[in-house]
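Below is one structure, written out as structure tokens; the observations come after it.
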Amino acid sequence: MPFSALPAPSVPLAAAPPSTPLGPFGDSALAWAGWTAAMAFAGLVALALLVAAPARRGEAGTHARVRTRLSAAAVVFGLLAGPAALAGLAHDAAGGPGAGYDYAAAWAGLFDGSAEGTLSGLQVALPVLGAFLLAPMALRRTLADRTGTALLWTGLTAGLVALGSARFPTQVRNGLGRTVFETGVWMLHLFGAAVWLGGLVGLVLLALPGAVAPAARGAFWAPAVRRFSVAAMACVAAITLSGLFLYWEHVDGPGQLVSTMYGRVLGVKILIFGSVLVLGAFNQFWLHPRIEALRADGEAGRRGGIALRRFPVVVAAEVALVLLVLFVAPFLHGSARNQAFQAEAARHATVVGAPLPKLPPKQATASTWAWGAAETAAVIGVMVIGHRCSGRLARRRVRLAAATAPAAAAS
Ligand code: HEM
């Protein structure tokens, strides 16, 4: 609704735009701790399932050591995620920003029969339950493979349900279709981030001494990295597409990335995300093909060893940047389009202190869906081409290595 259409106010107040503070640092640090612990728990378990097959093919004992190390880390994050979620609820129960913690109210609200109570209960209880389920694998290397796999799947389910509960709706808003779609977008955003972050943390932990014996490196790392890179690409696609939808919902044009506090925070988030993708591309197109050649002897194998030593450093940098994205995310309060709208409304306000109007939620038109479909095809296309190219690079390196190995051995 253009303000020029409004009847000329007697004396426009030109009031200052409403303040859009970032909110207390402590509040976002608490939210960050909750997201990080819940995501790392689910992602570490997902990685344990993903790299199980390459670990089984490795030297005897590799599978048990890999599974034990990832389970132990998941247990730690699971035991942190429950209390972190409870602290977040206690903070909300005390009245939000800067208001302290009301643990009694938060605890009483868990599983109190209401939809909110059930979701809060799942958020707090499931990671802890998941941690207890995985504890036997963290403590005993001899646990039967089938039991271990069943516990891992149960732990993963517990972790993802707990994470999803943080953004699962308790009522239908803007129609059932929109509510279901938004919920799906949030699940893509959070699950994609969890599998990616937890997987990266797990790869760094596995690169530390004691999990994969030197003799087993070639047989384990090349297929493990390959498998994770497929999962990581799927996660990046999920985060990007869901992020674009959330962007569409909250931002009316790139100008608001500068003119509003919400937009500036989101802009910083997208920039950091972009730098993670650059590192990920270096991993995908430079390190992975060399790690693939690790199985070859001679020069190629030696270069593969160097790449494998660089790999955890690059992955650790990715972890740090994703944690930074996660730190910025909780500062996204309200929405950019409402902040811009209310700033304008305040300029034209005629009554002091009157509540400023809000914009109705955006409605998707045929062109919105067309754009969305094109973006989805483009993002998936880029991921598939990227995966194929790095696969081709890797196979070329392995062939080259195989061709030069006899000459290198003879010299
Ligand atoms: C590693 C990458 C990313 C991670 C880990 C991540 C994580 C998150 C989390 C945890 C939240 C919820 C924050 C909260 O309410 O406390 C969130 C919200 C949001 N994310 Fe992301 N995100 C990532 C990338 C992106 C990208 C690339 C975009 C945009 C293209 C994006 C757009 C958004 C938006 C707009 C919201 C806020 C939605 C709202 O206000 O309701 N995210 N993200």
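What follows draws every value from the coordinates through simple rules; no lab data is involved. In this text, all values refer to a predicted model and were calculated from it rather than measured experimentally. Note that we place each Cβ from the backbone using ideal geometry, even for glycine, and neighbour counts take in every protein chain shown.
Data overview
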| quantity | calculated |
| --- | --- |
| Highest-first arrangement of 335-346, 39-50, where packing means the average Cβ count within 10 Å | 39-50, 335-346 |
| Inter-probe distance in nm under a simple model that places probes 7 Å from Cα toward Cβ, at residue 230 and residue 395 | 1.4 nm |
| Residue-averaged 222 nm ellipticity for the chain, from DSSP H runs of 4+ at -39500 (n - 2.57), nearest 500 | -25500 deg cm²/dmol |
| Pairwise FRET efficiency - residue 76 versus residue 402, Cβ, R0 = 35 Å, nearest 0.05 | 0.25 |
| Segment 123-173 versus segment 341-411: alpha-carbon centroid distance in Å | 29 Å |
| Max mean-square fluctuation residue, GNM over the chain, Cα-Cα springs under 10 Å, options 70, 208, 197 | 208 |
| Gain on full stretching of the segment that runs from residue 60 to residue 275 - 0.36 nm per residue minus C-alpha separation | 73.6 nm |
| Using alpha-carbon coordinates, inclination of helix 336-348 to the longest axis of the chain, degrees | 20 degrees |
| Over the chain, relative contact order from alpha-carbon pairs under 8 Å, at least 6 apart, % | 23 percent |
| Using alpha-carbon coordinates, inclination of helix 366-410 to the longest axis of the chain, degrees | 20 degrees |
| Relative contact order (percent, whole number), segment 60-130, Cα cutoff 8 Å, 6+ residue spacing | 31 percent |
| Cβ-placed point charges (K, R +1; D, E -1), dipole of the chain about Cα centre in debye, nearest 20 | 1920 debye |
| Gaussian network model of the chain, springs between alpha carbon atoms under 10 Å - residue of 264, 347, 227 with greatest fluctuation | 347 |
| Fully extended contour minus Cα-Cα distance, from residue 181 to residue 132, at 0.36 nm per residue | 14.3 nm |
| Segment residue 172-residue 356, extension gain: residue separation times 0.36 nm, minus the distance between their alpha carbons | 63.8 nm |
| Most mobile listed residue (148, 280, 177) in the chain, GNM with C-alpha springs under 10 Å | 177 |
| Label-point separation in nm, residue 388 to residue 285, each point 7 Å along Cα→Cβ | 1.6 nm |
| Two-site label geometry, residue 25 and residue 369: point separation in nm, points 7 Å out along Cα→Cβ | 4.8 nm |
| Between helix 115-139 and the chain: long-axis angle, C-alpha atoms, 0 to 90°, nearest 10 | 20 degrees |
